[in-house]
Amino acid sequence: MRGKTVIITGANSGLGRAAAAELLRMRARVIMGCRDRARAERAAREIRAEVGERADGAGELVVRELDLASLRSVRAFCHRVLQEESRLDVLINNAGVFQCPYMKTEDGFEMQFGVNHLGHFLLTNLLLGLLKNSAPSRVVVVSSKLYKYGEINFEDLNSEISYNKSFCYSRSKLANILFARELSRRLEGTGVTVNSLHPGIVRTNLGRHVNIPLLAKPLFNLVSWAFFKTPLEGAQTSIYLASSPDVEGVTGKYFGDCKEEELLPKAMDDLVARKLWDISEVMVGLLK
């Protein structure tokens, strides 16, 4: 990855941090897009200490503030990237909110749909020109197998009528896959590929909103250590899609454990994908 620039959202912990460390090890210039600047700077220092600075100067870690719950922050981040970066080879849409209580983003969107889908939707669209100019380039979208339990309800996308934190997470992850599918269709022939993935069940702080009874916590911790992936194991498919020559030119696919996987019909519905795209454009202000 020498000479290549990669943006990773949510790169200060979990999957994003693991991917940032590995891509830095491959000598990429990695831009960490993170909400909490202090935590991101601390993570960057730790990663540099782990990986080690290279004498030849290849590989670089850069921290930039990015709050996906704020369209204003997304625009400011992209404005800075477009001013400072001459190329963008890989965009990894990794950050996510998982099963939080009902709350809204700065712009009034339900938090999981707003961060997991709409924030990344705007981010990707604003960086498309740079991705095209840097082609062959790649967009990697971190989704989840839990998409299977989600439905795109156009009558209540913002969960104003009813809210179930599990279903809304699944809806946002289904939206990720439909977005990647529609984006890959729109980018045919540009040299920009778009793929989505399921990282597996990983030990990260993503589950901080999940309430586990106090007495069950020791058992849960034991099970998670025995059966859940480490962040580095979970990040392998993201790293693979970002860097491997095996997937050069591959687009519009869904991966798990570095292999292509089948999707349910609802995740391949092009009419729904197109309608979701059109509505998302209006919601984030790309279209009036």
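So, with +1 on the Cβ of K and R and -1 on the Cβ of D and E, and no other charges, what is the size of the charge dipole of the chain about its Cα centre, to the nearest 20 debye?
For the chain, the charge dipole is close to 480 debye.
Cα atoms only, the chain: Rg and Dmax in Å?
18.0, 57
Give me the count of lysine pairs in the chain whose alpha carbons sit under 17 angstrom apart, restricted to pairs 8 or more positions apart or on different chains.
Close lysine pairs under the 17 Å cut-off: 20.
Of Glu110, Glu60, Glu160, which has the largest mean-square fluctuation in a 10 Å C-alpha GNM of the chain?
Greatest mean-square fluctuation among the candidates belongs to Glu160.
Given H placed 1.01 Å from N in the peptide plane, which residues other than close sequence neighbours of Gln99 have an amide H under 5 Å from its amide H?
Under 5 Å from the amide H of Gln99: Tyr169.
Quick one: compute a quarter of the convex hull surface over the Cα atoms of region 1-73 and quote it in nm². All intermediate terms of the calculation are to be shown ahead of the outcome.
Working: hull surface 18.3 nm².
Computed as one quarter of the Cα hull surface, the answer is 4.6 nm².
For the chain, set up a Gaussian network in which alpha carbons nearer than 10 Å are linked by springs, and say which option among His117, His198, His79 fluctuates the most.
Taking springs between Cα atoms under 10 Å, the residue moving most is His79.
Which one of Asn116, Asn153, Asn94 has the biggest mean-square fluctuation once the chain is modelled by GNM with Cα springs under 10 Å?
Most flexible of the set in this elastic network: Asn153.
I'd like to check one number: the per residue accessible area of the chain, probe 1.4 Å, reported in Å² as a whole number. It would help to have the intermediate numbers written out before the result.
Details: 13270 Å² over 288 residues.
So the chain comes to 46 Å² accessible per residue, rounded to a whole number.
Quick one: pull the percent of accessible area on the chain belonging to carbon and sulfur, 1.4 Å probe, ligands and nucleic acids left out.
53 percent
The values are calculated or read from the model by the stated rules, or taken from the named source; none is laboratory data. Predicted model only: the values in this text are computed from it and were never measured. All Cβ positions, glycine included, derive from the backbone under ideal geometry; neighbour counts span all protein chains shown. The area values use the complete protein model at the heavy-atom level, side chains included, leaving out ligands, DNA and RNA. Shrake-Rupley method; radii C 1.70, N 1.55, O 1.52, S 1.80 Å.
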